Structure formats: structure tokens, C-alpha cells
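Just so it is clear, none of the values below were taken in a lab; they were calculated from the coordinates. Everything numeric in this text was worked out from a predicted model, so none of it was measured. All Cβ positions, even for glycine, are placed from backbone atoms using ideal geometry, and neighbour counts span all protein chains on display.
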Amino acid sequence: MKEHFIDLTDGTRLEIKVNFGTLYFLQKCKGFYRISKKAEKAEKTRDKAKAALTEREGFDAAADIIYAILRSNGRAVTWEEAMCLMPPDPSGLEEVLKGFQAEVEKYHKKKAAKTSAMPKQLR
């Protein structure tokens with residue numbers, strides 16, 4: 001199993017873990033779901049020039065993810081502080097987004113497995 005980490009600018013290493021709190025704080029971030037849908041569309045169409053994220057959208061999405069992860073881990077930060085902690089290089093942003101996407105997919109699979117009920121055995 002591959003674990004995903006974000007190296008923040010203050011020198012700390014943050015493990016990407018998705019839980020209910022992470023999803024709650026992402027829901028509170030304005031525009032995150034619009035950006036994530038655009039990124040999914042760009043990945044599916046393979047037309048990078050037409051549907052790719054702009055640099056600003058990439059930075060905003062990464063800052064939203066870092067903010068939500070920090071808040072769900074119990075660290076009180078503002079969105080601006082999360083933006084300052086974000087790694088400045090574009091390759092780091094791509095790793096953050098891909099790592100977060102993998103963790104969200106894992107979370108949704110676990111959630112679906114918990115909600116699906118096993119049929120009762122015949123007696």
C-alpha cells in the first residue's frame with residue numbers, strides 16, 4: 001500500500017488521510033467541487049489544453065485540500081495559513097491532488113462496504 005504525504009513549507013510532513021471531517025471542511029471551501037469536477041473532466045478527456053486546470057485553480061484546490069486535512073487532524077489554521085504552507089512547485093501540487101484523489105476513492109470504497117448489508121443466512 002502506498003501512503004501519500006505532503007511536505008509543507010514549515011518543514012512538517014503531513015500524511016493524507018481522509019475522514020468525515022476532511023470531507024466536511026472541503027464542503028465548506030467555496031469552489032472546491034467545481035475545480036475537482038473540472039480536473040476529473042480533464043483527466044477523462046485527455047485533452048490537456050482544453051480542460052486542464054489553470055495555475056490559480058490548482059493552487060486553490062491544493063490549499064483547500066491542505067486546509068481540510070489540517071483542520072480534520074485538529075490543527076486550527078485559516079485558509080490563508082494553509083495557502084502559505086502549501087508547497088510552491090507545480091509537481092508538488094500534482095502529487096497532492098493525485099494522492100488526495102486516491103485517498104478519497106479508498107474512503108468511498110470503505111464507506112460503501114460498511115453500508116452494504118450482508119444477506120441473512122438461511123436457517
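At a glance:
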{"item": "Packing-based ranking, highest mean first, of 65-71, 110-116, 54-60 given that Cβ atoms within 10 Å are counted", "result": "65-71, 54-60, 110-116"}
{"item": "Inter-site label distance for Thr78 and Glu55 at 7 Å from Cα along Cβ, in nm", "result": "2.5 nm"}
